[in-house]
Amino acid sequence: ASFPHDRAPSRDDVCPRYNFHGRMSSDSPSIFSGKFPQITALLCDSLAARANAPWFSSHDPQILLPSRGTAIGIARGLLERFPGGAAGIVFQTPEALARSVLNASGSFPHVASDSERFLAFRVACRQADHELTRGLGAEAMMERSYRDIRDSWMSIDEFETRAAKRRTALSEPQNVFIRVARLYEEYLSAIASIDPADLLNNATAVISRGA
């Protein structure tokens with residue numbers, strides 16, 4: 001449910017429980033659309049209203065944030081409501097949540113750093129040895145394309161299958177990109193690392209299994 005744009009959502013709209021399996025039920029969260037200050041104010045008001053609840057002192061509220069700017073906005077709103085300061089509220093990024101989910105299941109993957117990923121793409125481009133991979137900035141171009149695909153929850157195999165369905169044969173640039181992407185993933189595997197997209201995908205799989 002989305003709230004009318006002529007008013008901010010009320011605290012009665014808040015549903016504090018989340019359904020991780022995607023089924024609609026009474027426990028599913030409400031979804032709001034609106035300006036960022038409205039959403040931030042709603043969240044801060046909700047936390048302030050629950051500050052004296054018995055469970056609040058024994059369970060640290062966890063807030064999943066998409067960016068540092070969001071964290072700063074919420075922290076500012078909480079300080080306005082609690083001038084003396086607020087403690088025990090945990091801010092988490094989706095990546096941090098995914099890592100904690102995997103750790104709890106007994107998996108402790110190493111996510112490749114920016115420099116490791118760039119180096120893997122550079123080596124992959126050199127090994128592919130194609131005119132499309134020899135130009136200035138080829139590594140950055142390939143990595144950007146890879147990032148767009150993987151951040152859309154699609155694997156390289158799925159990308160190849162979908163691309164093939166649209167035409168009788170893959171174009172040369174598509175074939176070169178797929179080769180580079182697979183070499184990149186092989187290099188990450190060789191150093192016992194995973195791409196950030198796999199961190200989220202693997203955590204989603206664990207949650208879906210109910211582990």
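Quick look at the values:
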| item | result |
| --- | --- |
| Residue within the stretch 18-30 that is in a strand (DSSP E or B), modelled with pLDDT under 80 and open to solvent by 80 Å² or more (accessible area, probe 1.4 Å) present | no |
| Candidate set from the stretch 106-118 (those that are open to solvent by 50 Å² or more (accessible area, probe 1.4 Å) and either in contact with a Gly (Cβ under 8 Å, 6 or more places away or on another chain) or without any contact (Cβ under 8 Å) to a residue 12 or more places away in the chain (or both)); member that is farthest from ALA138 (Cα to Cα) | GLY106 |
| Long-range neighbours under 8 Å by Cβ, at least six apart or interchain, first residue in a helix (DSSP H, G or I) within the stretch 88-105, second modelled with pLDDT of 90 or more and open to solvent by 40 Å² or more (accessible area, probe 1.4 Å) | PRO94/LEU200; GLU95/LEU200; ALA98/LEU200; ALA98/ASN202; ALA98/THR204; VAL101/ILE207; LEU102/PHE108; LEU102/ASN202 |
| Residue within the stretch 46-58 that is open to solvent by 80 Å² or more (accessible area, probe 1.4 Å), at pLDDT below 70 and in a loop (DSSP other than H, G, I, E, B) present | yes |
| Residue check, ARG167 part of a helix (DSSP H, G or I), modelled with pLDDT under 95 and exposed (fewer than 15 other Cβ atoms within 10 Å of the Cβ) | no |
| Matching option when the condition is open to solvent by less than 20 Å² (accessible area, probe 1.4 Å), within 24 Å of the chain's Cα centre (by Cα) and not aliphatic (A, V, I, L, M), among SER193, SER155, SER189 | SER193 |
| Pairs with Cβ under 8 Å, 6+ apart, first in the stretch 60-74 and among the small types (Gly, Ala, Ser), second loosely packed, with under 13 Cβ neighbours inside 10 Å | GLY73/PHE36; GLY73/PRO37 |
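The values are calculated or read from the model by the stated rules, or taken from the named source; none is laboratory data. These numbers were taken from a predicted model, which means no experiment stands behind them. Every residue, glycine among them, receives a Cβ derived from its backbone with ideal geometry; neighbour counts consider all protein chains shown. The accessibility values were calculated without ligands, DNA or RNA, using every heavy atom of the protein model including side chains. Shrake-Rupley method; radii C 1.70, N 1.55, O 1.52, S 1.80 Å.
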